[in-house]
Amino acid sequence: MDFSFWDILRNLLVGLQWTLLLSLVAFVCGGIAGLLLLLARIAPLPAARALARGYIELFQGTPLLMQLFLVFFGIALLGVDVSPWLAAASALTLFTSAFLAEIWRGCVEAIPRGQWEAAQSLAMSRLELLRHVVLPQALRIAVAPTVGFSVQVVKGTAVTSIIGFSELTKTGGMLANATFEPFMVYGLVALGYFLLCYPLSLAAHRLERRLNVTA
Amino acid sequence: MSLLNVTALHKYYGDNHVLKGIDLAVEEGQVVAIIGRSGSGKSTLLRTLNGLESIDDGVIEVDGEYLDAARADLRSLRQKVGMVFQQFNLFPHLSVGENIMLAPQVVKKLAREEAAQLARQMLERVGLGEKFDAYPERLSGGQQQRVAIARALAMSPRVLLCDEITSALDPELVNEVLAVVKQLASEGMTLIMVTHEMRFAREVGDKLVFMHQGKVHEVGAPRTLFAEPQTAELRNFIGSVNL
């Protein structure tokens, strides 16, 4: 069977869609989980802080590939058949949540102590002062590094090809084997990632500049 | 029964004994000035009064609220004890009006219109009625501090704590803030202020507390204390500051 250039491109575009979808799911779910993790990480309860810290260090201190294997094969050990899509989304969510929680913790800690004390002196509870005083200010400084990290998530999706999830890299691998044109195919794959990531990097730089000027 | 009573208050930072048995009574409507060298514990004492610093022994009572080393209902205590800071600490992401409205809405559950009306009244009181929609960064230091006072007043505290509220201001801005404080005093507000403004303490204060090495070293009417300090430490301190 012969592949024309357009066949290759069409197949890669399908893979690209899965990469994009996986990135979005990981980023949104990881963001929600990361927010909960952040709250635990800065909670007054020492046990909650320690637990969140352990989680974050575990996922920051191991390769994404190992996390993926552990989720994929670990859940299978429990007798549940897990699809590559579900395993990939879960592992990337766990990974993303740990990094976002740590990025956001830095942003929360950048808010001056006086802001906490002023809100406390006005009789606001911890949750009230986080919600109305600290988090809105932390959000401003978090935007640029968060968008910057989304680039890591997009590139991180490539490792899910190992467990057979047909995103951009996996599709490229199959096409390279079928066409004997690995350089051209992988060149297109790389271009695909670049087209996803470059606008994000650009946005992160712009946001950083803009928020620094007004701050 | 005084409005505020501090009894045998002790506080440590690790091994450092910063408050060594403070007793202090403040009557309704009194203006109390706390003076002393830096490191004497005056700011720490002030910050224990609304629970920003925990205490290790002793009792603080304010208008029926009770706080000791083991228990404290900080939410109700802080509704009765307002605080203004050296660095103003306005919320930079909120307008002046919203700064004042926030706690009444969130803590006292006032409706937005009620809170806005209250905020306008408080801004009038500190002479900044026209700044409702401005953001803090657009205001001078003196104006920011007056907004901070208005923000504390909006919670109708029984006592207002002022922690060196003019120390971060340019000299020409000090008086506009002191004028507001003076006006509050004349309206019968109970004020406890840590201050370096000795002249202000003497003119407006009803009671002067001189702290030295974690203790209340001398206490009395400001004019008497300034005129006839009883201890060498206070005499030295008065000699070292400009009056």
Lys/Arg Cβ at +1, Asp/Glu Cβ at -1, dipole of region A:5-214 taken about the Cα centre: which of A:Ala33, A:Leu70, A:Ala176 is farthest positive-ward?
A:Ala33
Relative to the Cα centre, what is the charge dipole magnitude of region A:5-214, using +1 at the beta carbon of each Lys and Arg, -1 at the beta carbon of each Asp and Glu, and rounding to the nearest 20 debye?
580
Rounded to one decimal in nm, the spacing of the 7 Å Cα→Cβ label points at B:Gln117 and B:Ala168 is 3.3
So which lysines pass the test for B:Lys207, namely a Cα distance under 26 Å, with those fewer than 8 places away in the same chain ruled out?
B:Lys11, B:Lys20, B:Lys42, B:Lys80, B:Lys182, B:Lys215
Within the protein assembly as shown, the percent of DSSP beta bridges that are antiparallel, given to the nearest 5, stands at 55
Can you tell me the dipole magnitude for region A:77-196 around its Cα centre, using point charges on the Cβ only (Lys, Arg +1; Asp, Glu -1), in Debye to the nearest 20?
260
Projecting each Cα onto the charge dipole of region A:5-214 (Lys/Arg +1, Asp/Glu -1 at the beta carbon, about the Cα centre), which of A:Leu86, A:Leu16, A:Gln152 comes out farthest on the positive side?
A:Gln152
Can you pull the one-decimal nm distance between simple spin-label points at B:Asp23 and B:Met1, each 7 Å off the Cα toward Cβ?
2.0
Among B:Leu45, B:Leu234, which comes first, second and so on when ranked by fewest other beta-carbon atoms within 10 Å?
B:Leu234, B:Leu45
Select from B:Ile165, B:Leu9, B:Pro104 the residue farthest towards the positive end of the dipole of chain B; place +1 on Cβ of Lys and Arg, -1 on Cβ of Asp and Glu, and compute about the Cα centre.
B:Pro104
Can you list the aspartates and glutamates whose alpha carbon sits under 17 Å from that of B:Lys108, skipping same-chain ones fewer than 8 residues off?
A:Glu128, B:Asp73, B:Glu98
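Take the alpha carbon atoms of region A:5-214, find their radius of gyration, then divide it by 2.2 N^0.38 Å using N residues; give the quotient.
On the way: Rg = 20.2 Å, N = 210, 2.2 N^0.38 = 16.8 Å.
So region A:5-214 has a normalised radius of gyration of 1.20.
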What distance in nm separates the two pseudo spin-label positions at A:Val28 and A:Arg209, each 7 Å out from Cα along the beta-carbon direction?
3.1
What base-10 log of the normalised intensity I(q)/I(0) is obtained for the protein assembly as shown from the Debye formula, alpha carbons as equal point scatterers, at q = 0.08, 0.10 Å⁻¹?
-0.63, -0.82
Please find the FRET efficiency linking B:Ala70 to B:Gln230, where r is the Cβ-Cβ separation and R0 is fixed at 45 Å, and quote it to the nearest 0.05.
0.80
Per-residue ellipticity at 222 nm for chain A, helices alone: DSSP H runs ≥ 4 residues times -39500 (n - 2.57), over residue total, nearest 500 deg cm²/dmol?
-27500 deg cm²/dmol
Give the lysines reachable from A:Lys155 as a straight Cα distance under 16 Å; neighbours fewer than 8 places away on the same chain don't count.
A:Lys170
Taking R0 as 25 Å, what's the FRET efficiency between A:Leu36 and A:Ser125 from their Cβ-Cβ distance, rounded to 0.05?
0.85
Which value, in debye to the nearest 20, gives the size of the charge dipole of the protein assembly as shown about its Cα centre, when Lys and Arg are +1 and Asp and Glu are -1 at the Cβ?
300
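State the volume of the convex hull built on the alpha-carbon positions of chain B, expressed per residue in Å³ and rounded to an integer.
So the per-residue Cα hull volume is 127 Å³.
Every number here is computed from the coordinates shown, using simple stated rules; none is lab data. Fair warning: this is a prediction, and the values are worked out from it, not measured in the lab. Using ideal geometry, Cβ is built from the backbone for each residue, glycine included, and neighbour counts are taken over all protein chains shown.
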